[in-house]
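Structure, as structure tokens:
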Amino acid sequence: MKKNETKNRKNDHIQICLNENVNYTKSNGFEKYEFIHNAITEVDINKISLSKSFFNKEINYPFLISCMTGGTNKANDINKELAICAETLKIPVGVGSQRQALENNKFHSSYKTIRKNAPTVPILGNIGAAEISKMKSFDGIKLLIDLIEADIFVIHLNSAQELFQKEGNTNFVGLLNNIEKLTNFISVPIFVKEVGNGIDFSSAKRLLDSGVKGIDVAGAGGTSWQKVEMFRNKKSIDNHFANWGLPTSYCVREVGRLKEKFDFYLIASGGITNGIEIAKALALGADLCASANIVLKSLFNDGIDGTIIQINKWFYDVKRIMYLTGSQTLAELNQKKLIKIEDLY
């Protein structure tokens, strides 16, 4: 690998995500659902609590700031501010791929700043599936966990992104076998997430069979990382592949069926940009929701305070929906409170 290749790629990703239209043209699918209005609600909106336990830590909202960046000078400031937001809101926060931290220790501070500025909330470490697939030893993963004092470790699946990345590694042979070995090797739970193409029922079942404790479906509808790489390649956008993936709402509904057999956290992400979509994802069966790009843009445009205000507003909207659907608790919101719009007309 060329010197600074990973760092330069990460800087490219930040700039493209902030300055280019890298969203899917297909939706995440939540607009296909409507809430069932409860005309005789007796919910006290002032007594609704959105807090829950997340691996023995209490969080205020069922929401995490998704994995974004690390391994560059710019990432140091971004991660610091994301961590401050997470700590203030008392919600989990993830770091971007820690691959660079395995290559050298030059930018370790860009990862360490997360725990420094978010001392009490759950933190999620992160590395790509391509790296896990080829590992013969998992000592490096322990190093990454210790680096940020991670409560959870995430493996991200990005086969479509790697396919269009000029430096991409498309060899994932041995992934499931190594995931199973890793779940038995480290003490923190393993989550697996996509990066925007979604996780279907069959894939989720195989991952849960291998021992993972969380699935972040990260479906289509938000950032298309194929599109990001197409921008990096400075070539025309291939719309078929730029829009490749399963919509988030479909993935949540399908993977949620596995709750009958497995005990795991189901996370909905992929184009979630407001409280209404969060409420719909929770009503479809998600335990938590997550967002990345919209939080990053809010941080750049409105600062820490503005980002905190925005996330608080999202969850006030969730409370208003719970009131209007007669849902005093998050568990009650998940009891058939949605209807497909096609069934209304």
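The residue that is surrounded by the most Cβ atoms within 10 Å (Cβ to Cβ), among those in region 93-117 that are hydrophobic (A, V, I, L, M, F, W, C) and in contact with a strand residue (DSSP E or B) (Cβ under 6 Å, 6 or more places away or on another chain), is VAL95. Do you know which residues across region 231-279 are open to solvent by 20 Å² or more (accessible area, probe 1.4 Å), charged (D, E, K, R) and either in a helix (DSSP H, G or I) or under 12 Å from ALA220 (Cα atoms) (or both)? ARG253, GLU254, ARG257, LYS259, GLU260, GLU277, listed by residue number. Within region 167-181, restricting attention to residues that are of a type in the set (S, T, N, Q) and open to solvent by less than 60 Å² (accessible area, probe 1.4 Å), the residue that is modelled with the highest pLDDT is ASN178.
Restricted to region 7-20, and to residues there that are free of Cβ contacts under 8 Å to residues at least 12 places away in the same chain and either more than 17 Å from GLU162 (Cα to Cα) or among the aromatic types (Phe, Trp, Tyr) (or both), the residue that is most open to solvent (accessible area, probe 1.4 Å) is ASN19.
All told, LYS337 meets the bar of being crowded, with 18+ Cβ neighbours inside 10 Å and not hydrophobic (A, V, I, L, M, F, W, C).
For region 285-320, the candidate set comprises residues that are touching a strand residue (DSSP E or B) at 6+ places or on another chain (Cβ under 6 Å) and not in a loop (DSSP other than H, G, I, E, B); within that set, the residue that is modelled with the lowest pLDDT is ASN293.
Within region 67-81, residues that are hydroxyl-bearing (Ser, Thr, Tyr) and modelled with pLDDT under 75 sit with their Cβ atoms under 7 Å from residues that are outside any helix (DSSP H, G or I) and open to solvent by less than 20 Å² (accessible area, probe 1.4 Å), at 6+ positions apart or across chains, in these pairs: THR69/GLY96; THR72/PHE107.
The values are calculated or read from the model by the stated rules, or taken from the named source; none is laboratory data. Because the structure is predicted, anything quoted here is derived from the model rather than measured. Neighbour counts are summed over all protein chains in view; Cβ atoms, including those assigned to glycine, are modelled from backbone coordinates with ideal geometry. Accessible surface is based on the protein model in full, side chains and every heavy atom, while ligands, DNA and RNA are left aside. Shrake-Rupley method; radii C 1.70, N 1.55, O 1.52, S 1.80 Å.
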